[in-house]
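Let me begin by presenting the structure, written as structure tokens, before commenting on it.
The values are calculated or read from the model by the stated rules, or taken from the named source; none is laboratory data. Computed from a prediction, not measured in an experiment: that's the story for all the values here. In this analysis, Cβ positions are derived from the backbone assuming ideal geometry, glycine residues included, and neighbour counts consider all displayed protein chains. Calculation scope for accessible area: heavy atoms of the full protein, side chains included, ligands and nucleic acids excluded. Shrake-Rupley method; radii C 1.70, N 1.55, O 1.52, S 1.80 Å.
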Amino acid sequence: MTHLAVPKTYKLYIGGKFPRSESGRTYEVVARDGSFLANAAKASRKDARDAVVAARAAQPGWAGATGYNRGQVLYRIAELLEGRRAQFVLEITSTEGVTAAAAGKQVDAAIDTWVWYAGWADKYVQVAGNANAVSGPYFNISVPEPTGIVAIVAPPDSLLGLVSVVAPAIVSGNTVVVIASETAPLSAISLAEVLATSDVPGGVINILTGSAAEIAPWLASHADVNALDLTGAESLEWVDLQIAAADTLKRVRTPGDFGASLDRIVGFTETKTVWHTKSLI
Amino acid sequence: MTIQTPVALAPAQRALSVLGGDLTERSLRLHLEGLSGVDAVGLEQRAADLGTRSIKTSSKAWALDRIIELIDLTTLEGADTPGKVRSLVAKALTPDASDVTTPRVAAVCVYGDMVPYAVAALGSAHANGGPNGINVAAVATAFPSGRASLRVKLADTADAVAAGADEIDMVIDRGAFLSGRYGQVFDDIVAVKDACRRDNGTHAHLKVILETGELNTYDNVRRASWLAILAGGDFIKTSTGKVAPAATLPVTLLMLEVVRDWHRLTGEHIGVKPAGGIRTSKDAIKYLVTVAETAGEQWLTPSLFRFGASSLLNDVLLQRQKIKTGHYSGPDYVTID
């Protein structure tokens with residue numbers, strides 16, 4: 001008996017669920033050679049709005065978890081990624097047209113990046129925070145705190161690009177709405193399947209597929225988004241996005257490389273400084 | 001079996017004209033139990049259909065403004081303070097400080113002991129029951145349970161009216177209603193209506209809360225609605241907001257049908273107030289559609305339809321800001337209650 005091909009339906013990932021686009025739209029994802037791979041949901045501005053609502057609802061709980069706990073949750077995702085290695089390799093070879101060896105290298109790099117950022121969860125505060133010297137009988141302490149919701153335009157390099165922008169944003173306790181690569185969204189949705197079976201609370205990571213040019217302006221101007229990561233927005237009118245974000249004083253990261261760095265974590269935090277008396281007499 | 005002598009009820013004008021001269025517990029029971037049963041599946045289907053209308057652009061902008069004008073901005077917490085009431089009134093007067101064209105709400109709804117603070121805070125904006133300005137509504141009659149003697153309930157009501165309340169939200173005795181003691185519920189409402197009378201002959205508007213979440217069946221909701229109207233209620237209100245489920249679309253649709261039937265029968269307009277659980281503009285717009293399609297568009301006025309809500313206002317303001325500025329707004333841009 002011949003096996004019937006079962007094409008997979010790729011949907012959005014919002015608030016821990018896999019909804020279709022509110023608009024009902026889909027678009028074809030094709031392989032590098034032009035052959036049909038899958039239909040993916042084409043997110044609308046209302047999907048972006050719903051994602052922000054889900055991210056806002058999840059933010060206090062995620063930020064309230066201890067750094068150690070967040071680290072454990074992130075490590076667990078790395079374990080699950082490792083278990084799905086073959087699937088990711090297959091998706092990357094088909095969408096990006098690279099060899100299995102190159103795809104394998106990308107998946108390994110993505111997992112390594114994830115583990116590297118997970119390690120920072122209970123350490124970045126010690127590095128980025130400080131006990132400031134002040135002239136008086138006071139402790140003066142600065143600590144970084146998550147900024148809130150980060151909207152991200154992911155780079156086109158499917159899995160590695162996505163992991164490199166999402167992991168640093170959530171390490172500190174932010175929640176994210178990420179627009180996956182338009183041409184290579186498959187690994188983004190597979191990552192969502194990993195997240196859905198992990199310990200990450202629903203809404204911490206929300207993944208939209210579709211046109212970044214269409215959705216990003218709505219996220220950039222959204223008053224309930226606190227920061228904008230334009231790492232993958234090189235091909236968009238990203239200066240306009242930056243201008244739209246200025247209205248609500250968002251933190252903005254302009255397009256550039258996505259190498260692992262502590263700066264990516266600290267860039268989406270706010271510094272809180274407190275004074276406390278050294279003694280009570 | 002003993003034959004009971006007919007128990008005469010308080011002579012309420014409407015009941016006398018509809019039920020005939022001989023107003024007794026028995027004639028009231030015969031009338032209420034003679035109402036046709038409610039087709040629950042049909043009712044829910046109709047409500048669901050009315051909820052699927054797509055309201056866009058200019059109609060949506062109109063609907064949002066109208067929703068604000070229909071809101072009874074409410075705070076009914078044990079932790080209420082005069083300060084909390086003053087901030088509620090400030091919000092009622094200026095819902096959105098970033099846009100002065102935002103309409104004002106219909107009324108503020110507070111506990112009876114908070115009425116003097118609400119009246120003082122409103123100052124010249126106090127409507128005094130008229131159409132211009134903001135009314136003060138007070139919940140009375142041992143809200144939300146209604147478990148007190150009639151003497152206490154009447155004192156509670158008279159106290160709120162004396163303090164300047166323009167509208168009284170009373171609760172019916174659900175225990176008596178469910179036990180079939182319709183006459184007792186009827187007499188209570190008539191007595192409270194009487195307690196709403198002011199010295200100058202006018203009286204505070206009476207809203208009768210049925211607490212539909214405790215009435216169990218749609219048939220009971222229909223009977224309670226008729227009962228409240230016959231006894232003299234100016235408004236019928238779904239819920240206290242303290243019992244789940246609070247207002248639902250099917251229950252509100254059913255009450256609107258009763259109000260429509262009453263209008264056809266007597267030409268008189270009775271108001272409806274869904275309260276509790278309406279938190280989003282989307283939900284509120286469904287209610288507007290239901291009102292317009294059931295009772296008619298002339299019911300979309302503060303004297304005939306109200307939303308009992310607190311968090312609804314903020315969601316409506318966010319939607320208004322979205323329409324005005326063209327980008328999504330966030331909870332940081334409206335006041336916290």
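Out of the residues in segment A:54-107 that are closer than 20 Å to residue A:202 by Cβ and hydroxyl-bearing (Ser, Thr, Tyr), state the one that is surrounded by the most Cβ atoms within 10 Å (Cβ to Cβ).
We begin by selecting, within segment A:54-107, every residue closer than 20 Å to residue A:202 by Cβ; these are A:54-66, A:69-81, A:84.
Okay, now just the ones that are also hydroxyl-bearing (Ser, Thr, Tyr), so A:66, A:75.
Details: A:66: 11, A:75: 15.
Of everything passing the filter in segment A:54-107, A:75 is surrounded by the most Cβ atoms within 10 Å (Cβ to Cβ).
Condition first: in contact with a strand residue (DSSP E or B) (Cβ under 7 Å, 6 or more places away or on another chain) and of a type in the set (D, E, K, R). Now tell me which residues in segment A:203-249 satisfy that.
Of everything in segment A:203-249, those that are in contact with a strand residue (DSSP E or B) (Cβ under 7 Å, 6 or more places away or on another chain) and of a type in the set (D, E, K, R) turn out to be A:224, A:229.
Go through segment B:266-277 residue by residue and tally those that are free of Cβ contacts under 8 Å to residues at least 40 places away in the same chain, in a loop (DSSP other than H, G, I, E, B) and open to solvent by less than 50 Å² (accessible area, probe 1.4 Å).
Here the count works out to 4.
Only residues that are among the β-branched types (Val, Ile, Thr) and open to solvent by less than 30 Å² (accessible area, probe 1.4 Å): list them for segment A:108-129, please. Even if it seems obvious, please write down each step before you answer.
Step one: of segment A:108-129, the residues among the β-branched types (Val, Ile, Thr) are A:111, A:113, A:115, A:125, A:127.
The answer is A:111, A:113.
Quick one: is residue B:54 small (Gly, Ala, Ser), open to solvent by 30 Å² or more (accessible area, probe 1.4 Å) and over 30 Å from residue B:316 (Cβ atoms)? Break it down into steps so the answer makes sense when it comes.
Working: small (Gly, Ala, Ser): yes; open to solvent by 30 Å² or more (accessible area, probe 1.4 Å): yes; over 30 Å from residue B:316 (Cβ atoms): no.
For residue B:54, the condition - small (Gly, Ala, Ser), open to solvent by 30 Å² or more (accessible area, probe 1.4 Å) and over 30 Å from residue B:316 (Cβ atoms) - is not met.
Name every residue in segment A:255-272 that is surrounded by 12 or more Cβ atoms within 10 Å (Cβ to Cβ) and either hydrophobic (A, V, I, L, M, F, W, C) or part of a strand (DSSP E or B) (or both), in order of residue number.
A:258, A:260, A:262, A:265, A:266, A:268, A:269, A:270, A:271
Of all residues in segment A:26-53, count the ones that are under 17 Å from residue A:179 (Cα atoms) and either surrounded by fewer than 20 Cβ atoms within 10 Å (Cβ to Cβ) or out of contact with any Lys or Arg (no Cβ under 6 Å at 6 or more places or on another chain) (or both). Working first, answer last.
So the first thing to find is which residues in segment A:26-53 are under 17 Å from residue A:179 (Cα atoms), and the list is A:26-29, A:39-53.
Then drop every residue that is not either surrounded by fewer than 20 Cβ atoms within 10 Å (Cβ to Cβ) or out of contact with any Lys or Arg (no Cβ under 6 Å at 6 or more places or on another chain) (or both), which leaves A:26-29, A:39-40, A:43-53.
The total comes to 17.
Conditions first: (1) open to solvent by 60 Å² or more (accessible area, probe 1.4 Å); (2) in a loop (DSSP other than H, G, I, E, B); (3) within 14 Å of chain B (Cβ to nearest Cβ). Residue A:279 passes all but one, so which condition is the exception?
So the condition that residue A:279 fails would be (3).
Give the residue that is farthest from residue B:83 (Cα to Cα), with candidates limited to residues of segment B:100-121 that are open to solvent by less than 10 Å² (accessible area, probe 1.4 Å) and part of a helix (DSSP H, G or I).
B:115
Just checking, how many residues over segment B:278-337 are surrounded by fewer than 16 Cβ atoms within 10 Å (Cβ to Cβ), within 14 Å of another protein chain (Cβ to nearest Cβ) and in a helix (DSSP H, G or I)?
So the answer is 6.
Looking for whichever is open to solvent by 10 Å² or more (accessible area, probe 1.4 Å) and in contact with a His (Cβ under 8 Å, 6 or more places away or on another chain) here; the options are B:222, B:197, B:174. Which one fits? Write out each step before concluding.
Values: B:222 fails: in contact with a His (Cβ under 8 Å, 6 or more places away or on another chain); B:174 fails: in contact with a His (Cβ under 8 Å, 6 or more places away or on another chain).
Criteria check complete, one pass: B:197.
Taking segment B:17-74 on its own, how many of its residues are of a type outside the set (Gly, Ala, Ser), at negative phi and part of a helix (DSSP H, G or I)?
Going residue by residue through segment B:17-74, those that are of a type outside the set (Gly, Ala, Ser) are B:18-19, B:22-26, B:28-33, B:35, B:38-39, B:41, B:43-46, B:49-50, B:52-53, B:55-57, B:60, B:62, B:64-74.
This time we only want the ones that are at negative phi, so: B:18-19, B:22-26, B:28-33, B:35, B:38-39, B:41, B:43-46, B:49-50, B:52-53, B:55-56, B:60, B:62, B:64-74.
Now drop any that are not part of a helix (DSSP H, G or I), which leaves B:18-19, B:25-26, B:28-33, B:41, B:43-46, B:49-50, B:60, B:62, B:64-69.
Looking only at that region, the number is 25.
Kindly evaluate residue A:150 against the criterion of being at pLDDT 95 or above and surrounded by 24 or more Cβ atoms within 10 Å (Cβ to Cβ). Talk me through it step by step, then tell me what you get.
Details: at pLDDT 95 or above: yes; surrounded by 24 or more Cβ atoms within 10 Å (Cβ to Cβ): yes.
Against the criterion (at pLDDT 95 or above and surrounded by 24 or more Cβ atoms within 10 Å (Cβ to Cβ)), residue A:150 qualifies.
To keep it simple, each residue is scored yes or no on (1) within 14 Å of another protein chain (Cβ to nearest Cβ); (2) in a helix (DSSP H, G or I); (3) without any contact (Cβ under 8 Å) to a residue 60 or more places away in the chain.
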{"position": "A:50", "(1), (2), (3)": "yes, yes, yes"}
{"position": "A:57", "(1), (2), (3)": "yes, yes, no"}
{"position": "A:60", "(1), (2), (3)": "yes, yes, yes"}
{"position": "A:75", "(1), (2), (3)": "no, yes, yes"}
{"position": "A:78", "(1), (2), (3)": "no, yes, yes"}
{"position": "A:86", "(1), (2), (3)": "no, yes, yes"}
{"position": "A:92", "(1), (2), (3)": "no, yes, no"}
{"position": "A:110", "(1), (2), (3)": "no, yes, yes"}
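Looking at segment B:167-186, is at least one residue in contact (Cβ under 8 Å) with a residue 60 or more places away in the chain, hydroxyl-bearing (Ser, Thr, Tyr), over 26 Å from residue B:134 (Cβ atoms) and out of contact with any strand residue (DSSP E or B) (no Cβ under 9 Å at 6 or more places or on another chain)?
yes
With respect to residue B:263, determine if the residue is open to solvent by 10 Å² or more (accessible area, probe 1.4 Å) and more than 19 Å from the chain's Cα centre (by Cα). Steps first, please.
Values: open to solvent by 10 Å² or more (accessible area, probe 1.4 Å): yes; more than 19 Å from the chain's Cα centre (by Cα): no.
Considered against the rule, which asks whether it is open to solvent by 10 Å² or more (accessible area, probe 1.4 Å) and more than 19 Å from the chain's Cα centre (by Cα), residue B:263 comes out as no.
Taking the condition touching a strand residue (DSSP E or B) at 6+ places or on another chain (Cβ under 9 Å), free of Cβ contacts under 8 Å to residues at least 40 places away in the same chain and either open to solvent by 10 Å² or more (accessible area, probe 1.4 Å) or not hydroxyl-bearing (Ser, Thr, Tyr) (or both), does residue B:256 pass? Don't jump to the end; show me each part of the working.
Numbers: touching a strand residue (DSSP E or B) at 6+ places or on another chain (Cβ under 9 Å): yes; free of Cβ contacts under 8 Å to residues at least 40 places away in the same chain: no; either open to solvent by 10 Å² or more (accessible area, probe 1.4 Å) or not hydroxyl-bearing (Ser, Thr, Tyr) (or both): yes.
So residue B:256 fails the test.
Picking from B:26, B:14, which residue would you name as being basic (Lys, Arg), open to solvent by less than 50 Å² (accessible area, probe 1.4 Å) and closer than 30 Å to residue B:190 by Cβ? Break it down stepwise before answering.
Working: B:26 fails: open to solvent by less than 50 Å² (accessible area, probe 1.4 Å).
When all the criteria are applied, what remains is B:14.
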